[in-house]
Amino acid sequence: MWKNPQSLFNFTYKGLHREAFALGKTWFKRGEWPPYVLWWVQSDHTPEWTEGVKKFEHLHDHGPTPNAFNFKQAFDAQGQPASLRQSEQE
C-alpha cells in the first residue's frame, strides 16, 4: 500500500519500473477492464481480495469516482478531485 497516489505514480512512471512498465504493452493484451484501480483506506485497514474486486467492478462500471479511481482522474482522501504531477519527488 502507498501513502498517497502521487507516491505510487512516481514509482510507476519513473526509473527502472517505468522501463518495465513501458515493455508491458508488448507483454500483455489490453483488456476491457481497467489495468489497475486506486482507492483510499484507513491506516489500520488491510484490503482483502474481494474488496479489490469490488473496486475494479466499480471503476469499470462507473468510471473514476472517489470510491475507485485511476491516475488520470484521481481523488484525495476527502473525495475531492486531485491532480498528479510528473515532476513531484517523494
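Cβ-Cβ distance below 9 Å, separation of 6 or more or different chains: which pairs start in segment 21-32 with a residue that is hydrophobic (A, V, I, L, M, F, W, C) and end on one that is part of a helix (DSSP H, G or I) and at pLDDT 80 or above?
Every condition considered, the pairs that remain are PHE21/THR12; PHE21/TYR13.
List every residue pair whose Cβ atoms sit under 6 Å apart, with the two residues 6 or more apart in sequence or on different chains, where the first one lies in segment 70-84 and is under 16 Å from LEU59 (Cα atoms) and the second, anywhere, is modelled with pLDDT of 90 or more and in a loop (DSSP other than H, G, I, E, B).
Pairs that qualify, where the first residue is under 16 Å from LEU59 (Cα atoms) and the partner is modelled with pLDDT of 90 or more and in a loop (DSSP other than H, G, I, E, B), are ASN70/PRO64; GLN73/PRO64; PHE75/PRO66; GLY79/PRO66.
All but one of (1) closer than 14 Å to MET1 by Cβ; (2) loosely packed, with under 10 Cβ neighbours inside 10 Å hold for THR50; which doesn't?
Looking at each condition in turn, THR50 falls short on (1).
Take segment 68-85 and flag every residue that is aromatic (Phe, Trp, Tyr) and in a loop (DSSP other than H, G, I, E, B).
PHE71
What helices (runs of 4 or more DSSP H) lie completely within segment 1-67 and have 1 or more residues being within 17 Å of ALA82 (Cβ to Cβ)?
By residue number, 5-13, 49-62.
The values are calculated or read from the model by the stated rules, or taken from the named source; none is laboratory data. Given the structure is predicted, the values throughout are model-derived calculations rather than measurements. Cβ sites come from the backbone with ideal geometry, for glycine too, and all protein chains shown count toward neighbours.
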